[in-house]
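Participant: Following this message is one structure expressed as structure tokens.
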Protein chains: 2
Amino acid sequence: MAELFKALTVEEARVAVARYLPGKRPGVRLPLLESLGRRLAADVRAPEDVPGFDRSTVDGYAVRARDTYGATEGLPSYLDVAGEVLMGREPEGTVSPGQAWRIATGGMLPPGADAVVMLEYTEELDCRTIGVTRPVAPGENVIRKGEDIAAGEIALPAGHRIRPQDMGMLSSVGVSEVEVELPVRVGIISTGDELVSPGERPVPGQVRDINSYTLYGAVAACGGEPRLYGIVGDDYEKLKRTLELALSENDMVLLSGGSSVGTRDVAALAIDSAGEPGVLFHGISVKPGKPTIGAVVNGKPVFGLPGHPASAMVVFELMVAPLVRSGGYAAGEKEMREALTAFPLRAVLTRSLHSAAGREDFIRVRLHCKDGRLFAEPVLGKSGLISTMVKADGLARIPPGKEGVEAGEIVEVKLF
Amino acid sequence: MAELFKALTVEEARVAVARYLPGKRPGVRLPLLESLGRRLAADVRAPEDVPGFDRSTVDGYAVRARDTYGATEGLPSYLDVAGEVLMGREPEGTVSPGQAWRIATGGMLPPGADAVVMLEYTEELDCRTIGVTRPVAPGENVIRKGEDIAAGEIALPAGHRIRPQDMGMLSSVGVSEVEVELPVRVGIISTGDELVSPGERPVPGQVRDINSYTLYGAVAACGGEPRLYGIVGDDYEKLKRTLELALSENDMVLLSGGSSVGTRDVAALAIDSAGEPGVLFHGISVKPGKPTIGAVVNGKPVFGLPGHPASAMVVFELMVAPLVRSGGYAAGEKEMREALTAFPLRAVLTRSLHSAAGREDFIRVRLHCKDGRLFAEPVLGKSGLISTMVKADGLARIPPGKEGVEAGEIVEVKLF
């Protein structure tokens, strides 16, 4: 047991877990159309230039730019219309001095031409002659061969998460299959003698399991692959067996419940018995979410999340979600940017709230608009109430340095 | 043809399309675990109270609050320990005046008790007697029967998009199957004689289709069900047949490409021939994205998106994404909030940019951090370059009222 006895900040807790995690995840080949949201397991290089030739970006006439120098509406440059570029075809011929070819957006520039004059700046004198009323510079209204992507360039780097535009980029270089990382598999165990599954009818004293379902959704929303291992009572042997099974079938395990002291001790013992280094910390300085256990077992993170549904979700967002999204590793600048953009909204708090200095507080808030401004109304209620999370639109953060926020102050908000 | 000849603002264009759309989408029953991100097709009512009994939120002793009034560390209230609440069981007995029962977090309050004293504020004198060192009020450290959700209450309303916490809420009321709306099916057609699919080798003059793949990803990212109808050349009859097929199999159709004047005219004609009211507008006042066609055909939206990849994506984000996410209808306050939170980040622009008044400009930007501040660096480059969208982290918006933004000014940014 490498446990630290002081409650860690979220950042310290993240670092404590990260140093025991492996750097790289296994990959699998997928058709391009199934790759959205997945992380590239290897760099993708462009095998060829995109586009493969100089293309027009407008409808107009392909010309030699110098033939248009000095052209004005009063004194147009007159050019012979010597041909027309057909879409998807290589032009048969060359633009000679004094000539112009008709060309549409996306058409291939004929040899000799180095710019395109927009239709708007030409006048047709007869079917063989145009007047150009404004000069163009070389390269104007043209996408040059290889300007979008040059052959051999890294089109997308390993670790990049595929967005819609990346699918377009991959298509443009002729990649119809990509190697992506396997999603992080997350085993989920609920603990507590009082829990029954949603299909069962609770008798007095029993309640239905909430956290398994909240965490299942949260893992899936981060691109992970959740798997439920059901409910385990306060039974050390059964918890140990279930945890070992979940660890053998997943990359990460989440335990929840066990907010009573006895149950938490059983969970910590079961985690420690499963492998090295075991429990790393027991308690983080956030509210809600303080009684969180963080551990790594043989390279796999294990978290003991609080039993209260709102607390479990807050800790998931802060500690678990970044690991599920990144597979466990992320670079410096990217991580910094993520931290800065994690609570992107700014809203006016509608009532004053207290907070203890040295602790990060997360307040469930409901947003509303008035006169084009965004207001955050705290959703009051115990962290054991799932309805507070359902009524809320997001979380507002009170940084550890502050002892409270006054009504009317601006707070940082994250939607969920 | 109900076409308007003036370029509309994005808001006007949205309204023009929305008035022809049906209000409701068909539903389907799904297991709870598969419901993430789907929209509820009907209200879900709680069939019973959650919790079904008064529960403790802490580890401690269940008491009658009045027995603790006036208790201090110097003068504790002494109570007889008369029993222990077992987790998941109904307590066998009653808390009489002067008595306390041991209880753990989540335990059921025995009859007679109306509050719980935290373990921290008690001292054990012998195994039958405790001293309470701080008074509790009735209801303190207790979640009352029905406090989370009351029987008969609407737990989640129709139209609500299911988040992880909503799955937890549904589980808590015993709902293991939900009726959700079918996702919006979106047919995607690329037009242009110069396009080939990513598996083909382009000859000079040809390029691979980018927009089909970008749009496929973008529709999927919004929770829609995309379907590709391939590439159609500048052929009115073939486009008309493909459009009619796509309309018959989907709830919405996106055409892209055809940014050359002739192709756009062919697209507009094919859309108009497919049904009523047909093309509604031809051009919106945004950059990039001006040459956008908006139409509704027999209750189904059809958009002719620009051919340039960056332009097509910007218009998708502004016009199409809200329709795919909402299925076509959204309420006032919610829509307002969405608009205010659509460009949630604030970043410092690193270089001055021009803009025409009366037009909304969207600038691709790359974000970076310095000294804890977020900076937006414009990604310059033609809107025909997919690489500009790949290099960018998001879009910055320049509102229609402004004629430009100076370096150092704050801009609103949306990640993509």
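Values in this text are rule-based calculations from the coordinates and carry no lab data. All values derive from a computational prediction rather than experimental measurement. So basically every Cβ, Gly included, is an ideal-geometry build from the backbone, and we count neighbours across all protein chains shown.
Participant: For segment A:31-45, what does the Karplus curve 6.51 cos²θ - 1.76 cosθ + 1.60, with θ = phi - 60°, yield as ³J(HN,Hα) per residue in whole Hz, taken in order and with x for Gly and Pro?
Facilitator: Once rounded to whole Hz, the list reads x, 3, 5, 9, 9, 3, x, 8, 9, 5, 8, 8, 4, 10, 9.
Participant: Return the FRET efficiency for the residue pair B:GLU34, A:GLU84: r is the Cβ-Cβ distance, R0 is 60 Å, and the value is rounded to the nearest 0.05. Don't skip to the answer; put the middle values down first.
Facilitator: Details: r = 54 Å, r/R0 = 0.91.
E(calc), rounded to 0.05, equals 0.65.
Participant: Okay, next question. Using the Kirkwood radius built from alpha carbon pairs, what does the Stokes-Einstein equation give as D for the protein assembly as shown at 4 °C and 1.567 mPa s, in µm² per second?
Facilitator: Details: Rh = 29.7 Å.
Reported coefficient: 44 µm²/s.
Participant: Return, ordered by residue number, the residues of segment B:72-110 whose backbone nitrogen is under 11 Å from a label point located 7 Å along Cα→Cβ of B:ARG128.
Facilitator: B:80-82
Participant: To the nearest 20 debye, what charge dipole does segment A:55-143 have about its Cα centre, counting +1 at the Cβ of each Lys and Arg and -1 at the Cβ of each Asp and Glu? Display every interim value, and only then the final one.
Facilitator: Working: 7 positive and 13 negative charges, 45 e Å.
Rounded to the nearest 20 debye, it is 220 debye.
Participant: Run the simple label-point estimate for A:ALA356 and B:ARG241 please: 7 Å along Cα→C-beta, distance reported in nm.
Facilitator: 7.4
Participant: Still on this structure, please answer the following. Note the angle between two axes, namely the Cα long axis of helix B:332-342 and the longest principal axis of the Cα atoms of chain B, as a number of degrees from 0 to 90, rounded to the nearest 10.
Facilitator: 80
Participant: Could you work out the per residue convex hull volume over the alpha carbons of segment A:343-415, in cubic angstrom?
Facilitator: Working: hull volume 5.8 nm³, N = 73.
For segment A:343-415, the hull spanned by Cα atoms encloses 80 Å³ per residue.
Participant: Find the chain A residue whose Cβ sits closest to the rotation axis that carries A onto B, and give that distance in whole Å.
Facilitator: A:PRO344, 2
Participant: While we're on this one: How far, in nm, would the chain grow between A:ALA342 and A:GLU120 when pulled straight, counting 0.36 nm per residue and subtracting the alpha carbon separation?
Facilitator: 75.3 nm
Participant: Then there's this: Whole-Hz ³J(HN,Hα) for each residue in segment A:399-408, computed from phi via Karplus 6.51 cos²θ - 1.76 cosθ + 1.60 with θ = phi - 60°, x for glycine and proline: what do you get?
Facilitator: x, x, x, 9, 9, x, 10, 8, 3, x
Participant: If you take the beta carbon distance between A:GLU200 and A:LEU415 as r and set R0 to 45 Å, what does 1/(1 + (r/R0)^6) give as a FRET efficiency, to the nearest 0.05?
Facilitator: Values: r = 33 Å, r/R0 = 0.74.
After rounding, the FRET efficiency stands at 0.85.
Participant: Can you give me the pair-distance distribution of chain B, C-alpha pairs, 20 Å bins, whole percents?
Facilitator: Reading the bins upward from 0: 22, 37, 22, 16, 2.
Participant: Work out from phi, with θ = phi - 60° and the Karplus expression 6.51 cos²θ - 1.76 cosθ + 1.60, the ³J(HN,Hα) of each residue of segment B:69-80, listed in order in whole Hz, and give x for Gly and Pro.
Facilitator: So the J values, rounded to whole Hz, are 4, x, 5, 9, 5, x, 9, x, 8, 8, 10, 7.
Participant: Same structure, new question: What does the structure give for A:24-36 when I average, per residue, the other chain Cβ atoms found within 10 Å of the residue Cβ?
Facilitator: Whole-number average of other-chain Cβ neighbours for A:24-36 is 2.
Participant: Taking every DSSP beta bridge that has both residues in chain A, what percent is antiparallel when rounded to the nearest 5? Please report the intermediate quantities before stating the final value.
Facilitator: Values: 59 of 86 bridges.
So the antiparallel bridges in chain A amount to around 70 percent.
Participant: Please list, ordered by chain and number, the residues whose modelled amide H lies under 5 Å from the amide H of A:VAL279; skip anything fewer than 5 residues away on the same chain.
Facilitator: Under 5 Å from the amide H of A:VAL279 lie the amide H atoms of A:ALA2, A:ASP272, each far enough along the sequence or on another chain.
Participant: Using only the alpha-carbon atoms, how far is helix B:261-274 inclined from the longest principal axis of chain B? Give it as 0 to 90 degrees, nearest 10.
Facilitator: 60
Participant: Taking amide H positions as placed in the peptide plane 1.01 Å from N, state which residues far from B:LEU374 in sequence (5 or more) or on other chains have amide H under 5 Å from it.
Facilitator: B:VAL348
Participant: Take the alpha carbon atoms of segment A:55-143, find their radius of gyration, then divide it by 2.2 N^0.38 Å using N residues; give the quotient. Could you put the intermediate results ahead of the total?
Facilitator: Working: Rg = 11.3 Å, N = 89, 2.2 N^0.38 = 12.1 Å.
Relative to the rule-of-thumb radius for its length, segment A:55-143 sits at 0.93.
Participant: Charges at C-beta only: +1 for Lys and Arg, -1 for Asp and Glu. How large is the resulting dipole of chain A about its Cα centre, in Debye rounded to 20?
Facilitator: Working: 46 positive and 55 negative charges, 312 e Å.
Using Cβ point charges on Lys, Arg, Asp and Glu, chain A gives about 1500 debye.
Participant: Determine the percent antiparallel among the DSSP beta bridges restricted to the protein assembly as shown, to the nearest 5.
Facilitator: Details: 118 of 172 bridges.
Restricted to the protein assembly as shown, the bridges split so that about 70 percent are antiparallel.
Participant: I've got another one for you. With unit charges on the beta carbon (Lys/Arg positive, Asp/Glu negative), name the residue among A:GLY98, A:GLY159, A:GLY408 whose Cα is farthest towards the positive pole of the charge dipole of the protein assembly as shown.
Facilitator: The residue sitting most towards the positive pole is A:GLY408.
Participant: Which of the peptides A:399-409, A:155-165, B:63-73 is most tightly packed, and how do the rest follow, going by the mean number of other Cβ atoms within 10 Å of each residue? Display every interim value, and only then the final one.
Facilitator: Details: A:399-409: 13.4, A:155-165: 19.9, B:63-73: 17.3.
For the peptides A:399-409, A:155-165, B:63-73, the packing ranking is A:155-165, B:63-73, A:399-409.
Participant: How far, in nm to one decimal, is A:GLY23 from itself in the other copies if the label point is set 7 angstrom along Cα toward Cβ? Shortest first, please.
Facilitator: List, nearest first: 6.0 nm.
Participant: List every residue whose amide H lies under 5 Å from the amide H of A:GLY27, counting only residues 5 or more places away in sequence or on a different chain, with H placed 1.01 Å from N in the peptide plane.
Facilitator: A:LEU182
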